[in-house]
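Each remark here refers to the structure printed beneath this line.
The values are calculated or read from the model by the stated rules, or taken from the named source; none is laboratory data. In this text, all values refer to a predicted model and were calculated from it rather than measured experimentally. Here Cβ is always computed from backbone atoms with ideal geometry, including for glycine, and neighbour counts include all displayed protein chains.
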């Protein structure tokens, strides 16, 4: 089994399984495709929560990426990667005083999500701010991914957002409005609906420097899904930006890194229970949480051939939720290598040590070679930190 002509078995021999592989060439291609499609002033402030591997974010910074970060550590990582302060955005519904201080010290932009947070920022000093709007738009592939729906913990209703924006003028450097309506969206229409609301607010505010449309651009996780209509999206957003005379910020993560990631895992056991056949692998929900958390499905590839059989694929964690789904795969045996695709976003970044399992290694593929970015944890690191 190969990726970019690199034999995955060679990686497994050196680093074992489970293991994450990131195709840096693919990440670069995805970023530049998005960047080149948007033909109006813009900043792609890559969402570090999708995949915060240091070498990856530094590569993106070298391509001109900004950073959307969720914490003080994210601000520090953006600073380390070489992202300018005015292209770094702190986003989250409940930033700690330490998060706010780090963002203010660096000169990053803070997305304000409540009147209470605005008061907290005032006590810390003059900051660069924009206001996160809750537009009441429900979008995303799962209820837990629909962050822009009415009543969610994210953002502020439009009328109140405008009031807070005006109240901060003079005391803060008020830059504009921000929205994030959800994740894994495969249509341009929800973004247009959000832009209608943001453009109205921008006009009522007397003009703004920034409109941050958040992230949410999805990718096809299966052959049944259509790719995101990037050209249509780019035309729509630039039409709004050109009319408003403002700069577009995007906090895209998944679109840039998801299809560049692979999780390599070996079959430990084949377990037959009547008509059911379980494939029990050495990667678990601690390594890849999305199937347990969102019911997400990741395509599996393997080198095996022949007639396909139905398998239930599960991991080693002592939870019934440690289940990746039912798959039709060529006949598998103990020790066989299988690979989960499209795990570059919210794969390793959501991994944990649950069930006393070490975090897996991370290996980069780039320009026909591979290298270790992060070793597998040992006993002392996993247990004692």
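Would you be able to say whether some residue in the stretch 61-69 is touching a residue at least 24 places away in the same chain (Cβ under 8 Å), closer than 18 Å to residue 83 by Cβ and surrounded by fewer than 22 Cβ atoms within 10 Å (Cβ to Cβ)?
yes
Taking residue 154 as the residue in question, decide whether it is at pLDDT below 95 and either outside any helix (DSSP H, G or I) or in contact with a strand residue (DSSP E or B) (Cβ under 9 Å, 6 or more places away or on another chain) (or both).
When the stated conditions are applied, residue 154 passes them.
I'm checking my understanding of the structure. Among residues of the stretch 101-139 that are in contact with a helix residue (DSSP H, G or I) (Cβ under 6 Å, 6 or more places away or on another chain) and on the phi > 0 side of the Ramachandran plot, which one is surrounded by the fewest Cβ atoms within 10 Å (Cβ to Cβ)?
Here the residue is 125.
Grab the strands (runs of 3 or more DSSP E) fully contained in the stretch 1-108, keeping just those with 2 or more residues being more than 27 Å from residue 247 (Cα to Cα) and either touching a strand residue (DSSP E or B) at 6+ places or on another chain (Cβ under 8 Å) or modelled with pLDDT of 95 or more (or both).
19-23
Could you list, in sequence order, the residues of the stretch 159-174 that are surrounded by fewer than 24 Cβ atoms within 10 Å (Cβ to Cβ) and either farther than 13 Å from residue 126 by Cα or not assigned by TED's automatic domain parsing to the domain that holds residue 215 (or both)?
Within the stretch 159-174, 159, 160, 162, 163, 164, 166, 167 meet the criteria.
Could you list all residues from the stretch 215-238 that are under 20 Å from residue 68 (Cα atoms) and part of a loop (DSSP other than H, G, I, E, B)?
215, 216, 218, 219 - these are the residues of the stretch 215-238 that are under 20 Å from residue 68 (Cα atoms) and part of a loop (DSSP other than H, G, I, E, B).
Out of the residues in the stretch 292-346 meeting the condition of being in contact with a helix residue (DSSP H, G or I) (Cβ under 8 Å, 6 or more places away or on another chain) and not in a loop (DSSP other than H, G, I, E, B), tell me which one is modelled with the lowest pLDDT.
294
How many residues, within the stretch 54-78, are farther than 18 Å from residue 215 by Cβ and out of contact with any helix residue (DSSP H, G or I) (no Cβ under 6 Å at 6 or more places or on another chain)?
6
Looking only at residues that are in contact with a strand residue (DSSP E or B) (Cβ under 7 Å, 6 or more places away or on another chain) and part of a loop (DSSP other than H, G, I, E, B) in the stretch 239-263, which one is nearest to residue 291 (Cα to Cα)?
Once the filter is applied, the top-ranked residue is 253.
Kindly provide the set of residues from the stretch 232-245 that are surrounded by fewer than 18 Cβ atoms within 10 Å (Cβ to Cβ) and touching a helix residue (DSSP H, G or I) at 6+ places or on another chain (Cβ under 6 Å), ordered by number.
Scanning the stretch 232-245 gives a single hit, 236.
Would you point out which residue out of 210, 197 is touching a residue at least 24 places away in the same chain (Cβ under 8 Å) and touching a helix residue (DSSP H, G or I) at 6+ places or on another chain (Cβ under 9 Å)?
197
Go through the stretch 34-60 and report how many residues are more than 22 Å from residue 365 (Cβ to Cβ) and without any contact (Cβ under 8 Å) to a residue 40 or more places away in the chain.
Here the count works out to 1.
Can you spot a residue in the stretch 264-276 that is in contact with a strand residue (DSSP E or B) (Cβ under 6 Å, 6 or more places away or on another chain) and either part of a loop (DSSP other than H, G, I, E, B) or assigned by TED's automatic domain parsing to the domain that holds residue 130 (or both)?
no
If I go through the stretch 360-380 residue by residue, how many of them are free of Cβ contacts under 8 Å to residues at least 24 places away in the same chain and surrounded by 15 or more Cβ atoms within 10 Å (Cβ to Cβ)?
0
Rundown of residues vs (1) over 30 Å from residue 301 (Cα atoms); (2) surrounded by 21 or more Cβ atoms within 10 Å (Cβ to Cβ), yes/no style:
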{"site": "187", "(1), (2)": "no, no"}
{"site": "196", "(1), (2)": "yes, no"}
{"site": "199", "(1), (2)": "yes, no"}
{"site": "205", "(1), (2)": "yes, no"}
{"site": "214", "(1), (2)": "yes, yes"}
{"site": "218", "(1), (2)": "no, yes"}
{"site": "247", "(1), (2)": "yes, no"}
{"site": "250", "(1), (2)": "yes, yes"}
